[in-house]
Amino acid sequence: MLLDSSDAVLASGSYQPAFLSPSQLATLDKISEAIIPGSHKAQSAAFIDLLLSVDAAKSQQEFGDALSALEASASHTFHKNIASLTGSEMNELLQAAAAKESSNRAHFENLKQWAVGAYYSSEIGMRELGWTPDRVFASYPVCGHAESHS
């Protein structure tokens, strides 16, 4: 299974999309990096692609719809695809999509949830949250309470 070897697949440096098209992967990479700087280095887009490749059809469809909606918005607003947007244009696009009254808000939230989950599941993201390799128990600690926990 592809997910079983995801670390090796991502570390190879020559990732080929498993679910998304190459252009969709580039779009997702740009969106993820704009939402959470460092996502590109953490390979969040590739990890999301791997997850989507084994996810339910409904999740895959909703994700594809979200990418398409933001891509259409970029095309309408800037006459460019997302991968070609400048940093300020990308921020403007995402701020507009995140607005409460935006028809793209649900799409933005979907993509943001995936981006956040992927980034903070990566070693880079976990270290940002304070994780270190020495934070592992050699054995499970015993509860110090005298009363029973049954």
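Look at Trp131, Trp114 and count the other Cβ atoms within 10 Å of each Cβ; fewest to most, that gives Trp131, Trp114. In plain terms, the residue of Glu71, Glu101, Glu62, Glu123 with the fewest other Cβ atoms within 10 Å comes first and the most crowded comes last, giving Glu101, Glu123, Glu62, Glu71.
What lysines sit close enough to Lys100 to cross-link, taking a C-alpha to C-alpha distance under 23 Å and skipping anything fewer than 8 places away on the same chain? In chain and number order, the partners are Lys30, Lys112. Across region 26-126, the relative contact order, built from alpha-carbon pairs under 8 Å that are at least six residues apart, equals 37 percent. At q = 0.10, 0.16, 0.18, 0.25 Å⁻¹, work out log10 I(q)/I(0) for region 26-126 with the Debye formula, treating every Cα as an identical point scatterer and leaving solvent out; two decimals please. Taken in order of the listed q values, log10 I(q)/I(0) reads -0.24, -0.64, -0.81, -1.41.
No lab work stands behind these numbers, since they all come straight from the coordinates. Note that the structure is a prediction, hence the values are computed from the model and not measured. Neighbour counts run over all protein chains shown; Cβ positions are idealised from the backbone, glycine included.
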